[in-house]
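What follows is a single structure, written as structure tokens, with notes after it.
The values are calculated or read from the model by the stated rules, or taken from the named source; none is laboratory data. The model shown is predicted, which means the values in this text are computed figures rather than measured ones. For neighbour counting, all protein chains shown are included, and Cβ atoms are generated from backbone atoms with ideal geometry for every residue, glycine included.
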Amino acid sequence: MLEVGTSRAGTEPASRFLTTVDEVTVLLGTAADKADSQYSGDARTALLGRVAEINKAADAGDQQALYVQQYLLDRIYRLHTKLTDRETAEGSVVAHEIGRLLETATAEAQDRLIEPGLLEEAPTEPRAYLSWLKKTAREHRVYKHPYYHEFIRNRATEADLRNYVMQESVVDGRFDDLLAMMQVGTAGAAKMEIAANFWDEMGNGDRAQVHTTLFNKIFEVFQIPDEELERSLTANSLLNGNLAVLLCRYRSLYPEAVGFLGMTEWMAPDRFVQVVHAWERLGLPEVGIVYHRLHITIDSQHAQGWFHNVVLPAAESPRMRRAIARGILWRLNASATYLDERMPSVTG
């Protein structure tokens, strides 16, 4: 069975949840019709009850439960985002029910982190609304977070950068797929902007310049095997990756995805400047930093195009304004928690 890892917040394995993790893992590797026939009636009710217990413990602040919650959600998302030659439970009703329990608990936890009344403060005029979004981000504690500006830039060791890129893989390592998922059903200027962004991610047709390929060069520099990557991801790393998939795969959450991915690209250039500085300070191989150098310029351009061609037209709608802001705040808050988690290595 898969081994459950731990985050910095917990040093003991989440043993009381391991049975459920193992059970769900086996289920996800079973054909959909077989999984549903095995879990019907009382068996399904009992399994869903155990998943609900994990959510309840995570909601109460149990970091081991949070890890298990996000670990299982990541495994369910892999059914829909990775190709395989093995049987899976993609399409299974019970797998969907487990996923919805995990998604709902995750979304509710993020909504509770939003300052009460903040969404209601957003201006109604689109350009004023866009200025408000940027101002809200600049005033958030994650903006120019010391993890990047103090630690990564000036103190990070080669081992620290190695861990950094593993954690970042949950979003940076699959940004092209996120764009592909979120553009379904769009039209006009928004679809064209997403398409232009996607084509840049595809290296503008040059396979050697595909951004996921460039990102993976960092893994080659640090000789990071898949098994180590699996073990290294913390609860908050998994959470950030899961939030991106959650928002991009559901059409009803498209505006939240607009906010989440737009803020991701807007913050990236400043953060990557610090990573490049650290890379040069440590004298690491140039091939491993091409991805970050490229995105300092490209993400700045993408963010401006995103704001003006996707956000501004959508901001005519009160529903879209609220949802885009919700997605941005999810990104800001989740990123802050994730970066705070990384900070102990500065003083530890």
Can you tell me how many residues within segment 227-256 are within 18 Å of D74 (Cβ to Cβ) and either under 14 Å from the mean Cα position of the chain (by Cα) or polar (S, T, N, Q) (or both)?
18
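Quick one: in segment 10-29, which of the residues that are in contact with a Ser or Thr (Cβ under 8 Å, 6 or more places away or on another chain) and either of a type outside the set (A, V, I, L, M) or at pLDDT below 95 (or both) is nearest to R86 (Cα to Cα)?
Among residues in segment 10-29 that are in contact with a Ser or Thr (Cβ under 8 Å, 6 or more places away or on another chain) and either of a type outside the set (A, V, I, L, M) or at pLDDT below 95 (or both), the one nearest to R86 (Cα to Cα) is G29.
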Every residue in segment 296-327 that is farther than 17 Å from G188 by Cα, touching a Phe, Trp or Tyr at 6+ places or on another chain (Cβ under 7 Å) and touching a residue at least 60 places away in the same chain (Cβ under 8 Å), please.
R321, G327
Conditions (1) closer than 30 Å to A314 by Cβ; (2) among the aliphatic types (A, V, I, L, M); (3) at pLDDT below 90 -> M202 fails only (3)
Could you please find all residues in segment 183-229 being in a loop (DSSP other than H, G, I, E, B) and either over 14 Å from M166 (Cβ atoms) or not assigned by TED's automatic domain parsing to the domain that holds E168 (or both)?
Q183, V184, G185, T186, A187, M202, D206, V210
Here is a check on your reading of the model: is A105 among the small types (G, A, S), within 23 Å of E341 (Cβ to Cβ) and outside the structural domain of T81 (by TED's automatic domain parsing)?
no
Considering only residues that are of a type in the set (K, R), on the phi < 0 side of the Ramachandran plot and under 21 Å from the mean Cα position of the chain (by Cα), which ones fall in segment 137-159?
R138, R141
A65 versus (1) buried (at least 20 other Cβ atoms within 10 Å of the Cβ); (2) over 22 Å from R331 (Cα atoms): which is the lone unmet condition?
(2)
Pairs, first surrounded by fewer than 22 Cβ atoms within 10 Å (Cβ to Cβ) in segment 247-276, second polar (S, T, N, Q) and modelled with pLDDT under 95, C-beta under 6 Å, six or more apart:
P269/S300
With the requirement that a residue be touching a helix residue (DSSP H, G or I) at 6+ places or on another chain (Cβ under 7 Å) and over 12 Å from Q304 (Cα atoms), what does segment 252-263 give you?
L253, Y254, P255, E256, A257, V258, G259, F260, L261
Just the residues that are crowded, with 17+ Cβ neighbours inside 10 Å, of a type in the set (A, V, I, L, M, F, W, C) and assigned to a helix (DSSP H, G or I), please, taken from segment 138-179.
F151, I152, L161, V165, M166, V170, V171, F175, L178, L179
Condition (residue is out of contact with any Asp or Glu (no Cβ under 7 Å at 6 or more places or on another chain), farther than 24 Å from A235 by Cβ and touching a residue at least 24 places away in the same chain (Cβ under 8 Å)) applied to segment 156-166: is it met by at least one residue?
yes
